[in-house]
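Before any comments, here is the structure.
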Amino acid sequence: MTFVRHAIICLLLAWITQGAIAQGWDTSRRLPIWLPLQLVPNLTWYSSEAATAFGFEWEATPLSYSFGINKHVSPWSSFIVVPTYRFTGSVELNVAGQLYTSPIASSHTGISTSLMGYVPLVERGEHLTFNLGIGMHRVAGQTKIFKAAGFSTLFGFLHFNIKQLSSPTIWITSLEFRFF
Amino acid sequence: MRKHPQIILLSALLFLLAGCSSVVGRFLARSVERIGAPITSVPEKIQDPIRPGAELAITWVGHATVLIQIYDKVFITDPMFTRTVGMVMRRNIESGLDPSSIAKLDYTLISHTHLDHFSYGSIDMLPQDGVLLVPFGALPYTPDFDHRAIREMRPWDVFEEAGVRITAVPVQHFSGRYGFDIPWARDRGYTGYVIEYRGKTVFCGGDTGYHPELFKEIGKKFNVDVALLPIAPIEPRDFMSHNHIDPGEALRILEDLNAKVMMPMHHRTFEQGFDPALTFAVEQLQRIAHEKDLTDRVLVLGIGEQRLFLTGTDAND
């Protein structure tokens with residue numbers, strides 16, 4: 001239920017910020033591009049003492065605040081996040097769903113939410129960005145807190161992330177393809 | 001060049017991803033092949049390109065990067081100093097100026113959001129105490145640079161201060177930065193500029209295709225001294241023609257604008273199309289200029305070369 005509450009809060013925030021994120025473009029032009037690209041899954045590898053599983057992950061960003069974009073545009077974005085907003089420096093709320101090819105404690109699915117910060121390292125982040133965050137991961141009825149760290153390159157399209165869940169220790173390694 | 005297996009594999013993958021018959025795919029594959037290729041150096045770069053007392057000085061830095069000095073004001077167009085465009089497209093020849101030699105910069109003009117014209121890393125190599133002008137639609141791609149002002153310019157918008165007048169003028173191109181954003185940015189995010197200061201007028205074409213009426217209209221409004229015009233990539237022509245003028249069209253624009261001289265740019269620095277040689281565009285320009293008796297109005301500079309224009313005369317530096 002906690003996750004559902006968080007998801008509802010995210011959607012509400014997204015709706016509230018919609019007016020601020022138009023940035024001069026018609027959303028109807030963006031949506032037909034954003035939607036199919038969101039279907040491209042991340043690749044993820046779940047590893048614990050009890051189970052290992054390869055999976056696919058679909059991730060969205062209900063809310064993003066960019067501190068690296070210029071002051072003439074709103075720093076807020078929702079779902080459709082132009083890569084420049086993210087890799088120039090940002091903090092964002094992500095939600096994701098996972099589909100594992102082998103069961104983890106009898107479940108093939110997982111959900112997660114995270115708060116992630118991005119720090120530009122090379123060419124304002126367009127070539128290299130470091131990210132650090134925390135989040136919650138829920139699989140087979142168990143919710144665990146995780147810490148995450150990673151980097152992204154190629155205009156923020158390619159992300160490599162490692163998440164550590166404690167007691168017992170679980171590692172989730174992801175190769176993410178982020179377009180927005 | 002000895003080709004590494006991983007480069008060939010990556011080239012093949014990019015080729016397949018972009019579609020076997022796609023010009024973009026072939027172009028990407030070719031760019032990847034060049035990753036390990038050497039970059040030709042520019043010997044004896046100008047150490048101090050800003051000339052005290054110069055009325056008008058033009059330095060071609062490479063690609064669409066031109067340093068323009070009009071009296072005490074210094075302008076740069078589409079600064080590009082990095083070794084690659086977008087981590088993939090590698091330079092053929094290094095930039096003609098060391099960015100650290102540009103001690104003063106009043107105006108940075110960005111023509112559009114493409115990676116070879118709006119280079120974040122290059123802008124960060126330059127002084128940022130001046131004004132940054134970007135086309136309408138480019139602000140969502142503009143990081144929080146330290147310029148004293150960042151202005152978004154719609155077609156025919158005028159930025160004016162201290163006697164400097166910069167007008168955004170329409171050109172024919174396209175925008176976007178990451179590929180997937182091209183459709184939503186199709187009617188914005190690109191511009192040309194006309195700089196006017198103390199009686200001197202410079203037209204900066206950025207990147208453009210040819211439009212029979214567009215440049216005549218600009219020519220009626222301004223008395224252009226120097227037109228900076230792209231001349232490449234030329235081939236494949238059916239793919240390029242809407243967005244990139246060829247040398248013949250550049251000369252038509254010279255006439256449409258009724259400019260005193262044109263300076264070709266946007267050639268030789270990167271391989272952006274399938275022109276048979278890096279000098280193909282400039283050779284074609286010189287040939288057509290000769291045929292049309294326009295040689296005196298075409299000023300071909302080498303990368304890193306500067307031209308000073310003095311009252312009543314002009315001189316090569």
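What follows draws every value from the coordinates through simple rules; no lab data is involved. Just so it is clear, the structure is predicted and the values come from calculations on it, not from any experiment. Positions of Cβ are backbone-derived with ideal geometry, glycine not excepted, and every protein chain shown enters the neighbour counts.
Taking N as the residue count of the protein assembly as shown, its C-alpha radius of gyration divided by 2.2 N^0.38 Å amounts to 1.07.
For chain B, leaving out every one of the GluC sites (Glu not before Pro) that falls in a DSSP loop and has at most 13 other Cβ atoms within 10 Å, the longest unbroken run is B:45-212. Full extension of the chain segment joining A:K147 with A:E49 gains 33.5 nm, where the gain is 0.36 nm per residue of separation less the Cα-Cα distance.
Over the range B:41-169, the hull volume per residue, using the convex hull of the C-alpha atoms, is 104 Å³. The distance separating the Cα centre of the range B:21-97 from that of the range A:151-180 comes to 36 Å. For the pair the range B:277-300 / the range B:118-188, the C-alpha centres are spaced 30 Å from each other. Over chain A, all Cα pairs binned in 5 Å intervals from 0 give whole-percent P(r) values of 2, 8, 17, 21, 20, 16, 9, 5, 2, 1, 0, listed from short to long. Compute log10 of I(q)/I(0) for the range B:21-81 with the Debye formula, placing one identical point scatterer on every Cα and leaving out solvent, at q = 0.19, 0.26 Å⁻¹, to two decimals. Evaluating at q = 0.19, 0.26 Å⁻¹ gives log10 I(q)/I(0) of -0.81, -1.11.
Convex hull volume of the Cα atoms of chain B, normalised per residue: 132 Å³.
Sorted fewest first by neighbouring Cβ atoms within 10 angstrom, A:W58, A:W76 come out as A:W58, A:W76.
For chain A, the residue among A:N42, A:H137, A:F177 whose Cα projects farthest onto the positive side of the dipole built from Cβ charges is A:H137. Coordinate range of the alpha-carbon atoms in the range A:85-180 per principal axis, descending: 44, 23, 19 Å. DSSP beta bridges in the range B:215-317, what fraction antiparallel, as a percent rounded to 5? Bridges in the range B:215-317 are about 40 percent antiparallel. Looking at the range A:31-116, the GluC sites (Glu not before Pro) that sit in a DSSP loop and have at most 10 other Cβ atoms within 10 Å of their own Cβ are A:E49.
With both bridge residues required to lie in the range B:54-157, what share of the DSSP beta bridges run antiparallel, to the nearest 5%?
Taking every DSSP beta bridge with both residues in the range B:54-157, the antiparallel ones total about 55 percent.
Each residue of the range B:273-286 is assigned a 3J(HN,Hα), and the resulting list reads x, 10, 5, x, 8, 5, 8, 4, 5, 6, 5, 5, 4, 5 Hz, derived from the Karplus form 6.51 cos²θ - 1.76 cosθ + 1.60 (θ = phi - 60°), x at Gly and Pro. Applying Stokes-Einstein at 20 °C and 1.002 mPa s to the Kirkwood radius of the range B:227-317, computed over alpha-carbon pairs, gives a translational diffusion coefficient of 157 µm² s⁻¹.
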